[in-house]
1. Look at Ser113 and say whether it is more than 14 Å from the ligand (Cβ to nearest atom) and among the hydroxyl-bearing types (Ser, Thr, Tyr).
2. Closer than 22 Å to Leu108 by Cα and at pLDDT 95 or above: which single residue out of Asp47, Asp73 fits that description?
3. Looking only at the range 152-168, which residues are open to solvent by less than 50 Å² (accessible area, probe 1.4 Å) and farther than 11 Å from Ala214 by Cβ?
4. Inside the range 165-191, can you point out the residues that are within 16 Å of the ligand (Cβ to nearest atom) and aliphatic (A, V, I, L, M)?
5. Filter the range 144-164 for residues that are closer than 23 Å to Ala205 by Cα and in contact with a helix residue (DSSP H, G or I) (Cβ under 9 Å, 6 or more places away or on another chain); which is farthest from the ligand (Cβ to nearest atom)?
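The values are calculated or read from the model by the stated rules, or taken from the named source; none is laboratory data. Since this is a predicted model, take the numbers as computed values, not measurements. As a convention, Cβ positions derive from the backbone with ideal geometry for all residues, glycine included, and neighbour counts pool all protein chains shown. Surface areas here come from the heavy atoms of the whole protein model, side chains and all, with no ligands, DNA or RNA. Shrake-Rupley method; radii C 1.70, N 1.55, O 1.52, S 1.80 Å.
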Amino acid sequence: MSNGPDLDLSFNWLPFTPNRDFRREPKILARAKGMFYYDPLGRPIIDGSSGLFAVAAGHGREEITQAVGRQLDELDFAPSFYRGNPPAFLVAEKLAGILPAGLDRVFLVNSGSEAVDTAIKMALLYHRVCGEAQRTLFVSRERAYHGVNFGGLGLSGIVNNRRHFASQLPNVPLLRHTWLAENRFTRGLPQHGGELADDLLRIIATHGAENIAAVFVEPIAGSNSTGR
Ligand SMILES: Cc1ncc(COP(=O)(O)O)c(C=O)c1O
């Protein structure tokens, strides 16, 4: 794939990427429309994962471009400490209407990584305020990915994340992962692995339910990487 004209690739490091390999064989996405990316030579590439699951409505949707433009004209940025703005309240109300009953308070952040770290902090604070400050254990799952900040890395079940960075959250027991070769190509409910839904009981038996602050699991495992 062409690197595009006049691009010096030495300054910008890509995350989760062997950068020397990338520079040897750069894969540049120059533009996107609908469900396709286009390389600098204009060749289409199917976007089979909606960006990184973030462009589910498709690329370059005119109505989205216009809505973003209108908002930039109206109010491009506003601080969120001691100040509110109409779209933030509107989106929170809309989300509360979609989410299951009881999940009706929204705390807006900038990324999944920030959401995970915020959830960790909220869980710790909640238990402390409720007089259960001993609840400091976070349970995660083997192979899990929970973002790039220290909290998310602490919950990670990916070996290279744990090897280098996981020490920031002490003692994170891991549920067994749910990647079973025999479940590949399953339609509907898989035949195998039902017992993995009960794996939390194994961890409770070892650590005590009263010490657990929260359990983090991806409902659908996204990365499922061994990280090797
Ligand atoms: C389960 C899970 N947690 C956290 C994240 C991190 O989100 P972000 O890349 O927006 O920081 C991801 C991203 O893929 C994810 O799948």
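1. Working: more than 14 Å from the ligand (Cβ to nearest atom): no; among the hydroxyl-bearing types (Ser, Thr, Tyr): yes.
In short, no.
2. Details: Asp47 fails: closer than 22 Å to Leu108 by Cα.
Just a single option satisfies the conditions, and that option is Asp73.
3. So in the range 152-168, the residues open to solvent by less than 50 Å² (accessible area, probe 1.4 Å) come out as 152-159, 161, 166.
Answer for the range 152-168, where residues must be open to solvent by less than 50 Å² (accessible area, probe 1.4 Å) and farther than 11 Å from Ala214 by Cβ: Gly152, Leu153, Gly154, Ser156, Gly157, Ile158, Val159, Asn161, Ala166.
4. Ala166, Leu169, Val172, Leu174, Leu175, listed by residue number.
5. Kept after step one, since they are closer than 23 Å to Ala205 by Cα, are these residues of the range 144-164: 144, 154-157.
Now restrict to residues that are in contact with a helix residue (DSSP H, G or I) (Cβ under 9 Å, 6 or more places away or on another chain): 144, 154-156.
Values: Ala144: 7, Gly154: 12, Leu155: 9, Ser156: 9 Å.
Once the filter is applied, the top-ranked residue is Gly154.
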